[in-house]
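For reference, the structure is listed below as C-alpha cells.
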Amino acid sequence: MRLAAAFVVLLLGVAGCAASAEQPEPGVLTVGVREPAGLLPADLRDQTGRMIVGALWTPLVDYDAATGTTTLRAAEAVSSTDQMTWEVKLRNGNQFHDGTPVTAKSYVDTWRTVAAERWTGSGALTEVLRANEISAPDEHTLRIVLDRPFGQVPAVLAAPALLPLPASVLASRDWAGFAVAPVGNGPFRLAEPWQPNSGGRLLRVGEAAGNVREIQLRVGDSVAQYAQVRAGSLDLATEVPGARHDAMHQDFADRHAMWPLPEASYLAFPMSDKRFEDAAARHAFAMALDRAALAAGPLANQVDPARALLPPGIAPGERSATCRPCTHDQPAAKSLLGQVTFTGPVTLYFGAAQEQWAQPLAEQLRTAFALEVTARPRGYQAPQPSDAPFLLTYAPSTASPHELLTALAKTTALPDEGFTQLLAAADAAATAAESGQRYRLVENHLLRDLPIAPLWSGHGHAVWTPRVHQVTATPLRGIELASISL
C-alpha cells in the first residue's frame, strides 16, 4: 500500500510538472506566423514582414487613409503653409536599438539609399524624392521642398520604406545581414538573428505597463497554428486557412479580427487591341466575372470582391455603393458585348502566383460569352499596354491613393488630360475631406473609361486565446504587436 501510495504521489507530481510546464509564461506572447519574405523596411513583400517591422520601428507618423487622420509618432510636428515646402520636427531622445541617435540626417541618408537601391518600397519615395530639396538643417529638422503642391506628404511619411536605418548599415551596405538582424528604433528589438523557418524573439525596449515584454514568433503552417490557438498552446495566429474561414466566427466569437491589406488585383485591357476600343467591351468583360465565386473557391476566402477601384486599405472613406463594373451581371455583360463587333480568341496573361485563379477566371469568361479564352503565364517580363489582357496584382507602398491611381494609369497607358487634372486637384486639396472627394472623382474617371477592371482586394486574419487583449490591426502594418496586453 505504501508503495502504491508513493507511486500515486509520484504520478501526481509528474502530472503537476507537466501542467505547469504548459502554463503560459507571464508577459510572454506566442505568435504563429508564416516565414517572412524579408525584414528590410524598404523591401517588404508580405504582411508578416510588415507586422514584424512595425514592431521593430517607429514611423514618423501614422496615417489613416480612410479619414485622412495623421498621428504623430517619431515626429513631433509635420507642417506646411503651401503644401510645397514641408518641415518635419523630430522628437528628442529617439535612438536606434544599438544606442546611436536617430537624427534628421538618418532619414535623408536612408531615403537616398532606398532610391538608389530601387527596392520594392521605393515607390513610396516617388513624390518626396521628386523634390527640389531634401535636407537636414539641424539634427531634429527635416526640410522637404517639392516641385508642386502635394498634400499627401503625411501619407508618404508613414510608409515603411521611409523608416530610418542606422549609419553603420548604410556604410556597410550589408543588406543580407541586416535583413536577418535588423536594428530599428521601435518598441521592440530582435533578441537574436532571425532563424529561417523557425522564427525569432522580440524583446520590449523600456517599460510599458500591462503590455507584453517578450514576443515569441513561431513560423509554421496556418492549419496547425489555428488548431494550436484553439487548444491554448499558441496565443495568437496571424493567418486563418480558407477551410476555417467560416468556422472562425464560431470558434473564436469576439477573439478574431479581419483587416484590409494594401493590395488589390485587376484585369487590364490592351487599349491597342481594336476589339477593346469601345468601353462597352471592357465593361462587358468586367461584369461577366463572378468575383464572389472566385473568392470563395480558388482564392480560399483570402480576398474580398472589389466594390471600387481603390481597395479599402487605402481608400478615402467608404464608397456609397458597389461600382457598376464590379457587379456580376451576366445578362448585362452579354448584352453589352453584343453591342460591339467582338470575336475570339482571347489570350489572358497571368503572373507568378496567379495561376490558381487565372484559369477559373478565364473559364468564367469562356462560359459567359461562348468565346475561346485561354490563360497563359507571361513569365518574368512585365506586360506592356500593347499586350493582350493581363492580370495585375499591385501592392502600394504608401497609404496614399495617389500612388495606386498613378500606377494604374501608367499600366494602362491612359494618363489622359482629364485624369491628370483631376489627380493634380486631389493632390493639392486643402483638407482631408476635400482630398477624399477629389480622389473619388479620379477613381470615377477611371471606372467610366475602365482601362482596368477591379477584381478584389486582400484581407488579413487573426485569432487569439482568451488571455490576449487589445488586438488591433492597420493595413500597412497588420497586427499592432506593441499594443497587445495579456
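The values are calculated or read from the model by the stated rules, or taken from the named source; none is laboratory data. This one's a predicted model, so the numbers in the text were calculated from it and none came from an experiment. Every residue, glycine among them, receives a Cβ derived from its backbone with ideal geometry; neighbour counts consider all protein chains shown. Please note that ligands, DNA and RNA were not included when accessible areas were found on the heavy atoms of the full protein model with its side chains. Shrake-Rupley method; radii C 1.70, N 1.55, O 1.52, S 1.80 Å.
Some notes on this structure:
- Contacts under 8 angstrom Cβ, first residue in segment 146-161 being in the same structural domain as residue 68 (by the TED database), partner among the basic types (Lys, Arg), 6 or more apart: 146/130; 147/130; 160/50; 160/477
- Among the residues of segment 416-475, those identified as more than 29 Å from residue 360 (Cα to Cα), of a type in the set (S, T, N, Q) and not in a strand (DSSP E or B) are 420, 421, 431, 435, 437, 465, 470, 472.
- Out of 242, 199, sole residue that is within 22 Å of residue 43 (Cβ to Cβ) and either modelled with pLDDT under 95 or of a type in the set (Gly, Ala, Ser) (or both): 199
- Matching option when the condition is in contact with a Phe, Trp or Tyr (Cβ under 6 Å, 6 or more places away or on another chain) and crowded, with 20+ Cβ neighbours inside 10 Å, among 308, 333, 281: 281
- Residues that are part of a helix (DSSP H, G or I) and farther than 17 Å from residue 323 by Cα within segment 248-294 comprise 248, 249, 250, 251, 252, 274, 275, 276, 293, 294, listed in sequence order.
The rows are residues; the columns are (1) out of contact with any Pro (no Cβ under 9 Å at 6 or more places or on another chain); (2) open to solvent by 70 Å² or more (accessible area, probe 1.4 Å).
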{"site": "158", "(1), (2)": "no, no"}
{"site": "162", "(1), (2)": "no, no"}
{"site": "168", "(1), (2)": "yes, yes"}
{"site": "172", "(1), (2)": "yes, yes"}
{"site": "180", "(1), (2)": "no, no"}
{"site": "212", "(1), (2)": "yes, no"}
{"site": "223", "(1), (2)": "no, yes"}
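- Among the conditions (1) under 30 Å from residue 222 (Cα atoms); (2) open to solvent by less than 30 Å² (accessible area, probe 1.4 Å), the only one that residue 419 does not satisfy is (1).
- Counted residues, segment 398-416 - those being open to solvent by 10 Å² or more (accessible area, probe 1.4 Å) and among the polar types (S, T, N, Q): 2
- The lone exception for residue 281 - which of (1) more than 23 Å from residue 393 (Cα to Cα); (2) over 25 Å from the mean Cα position of the chain (by Cα) it fails: (1)
- Among the conditions (1) at pLDDT below 95; (2) open to solvent by 40 Å² or more (accessible area, probe 1.4 Å); (3) part of a loop (DSSP other than H, G, I, E, B), the only one that residue 316 does not satisfy is (2).
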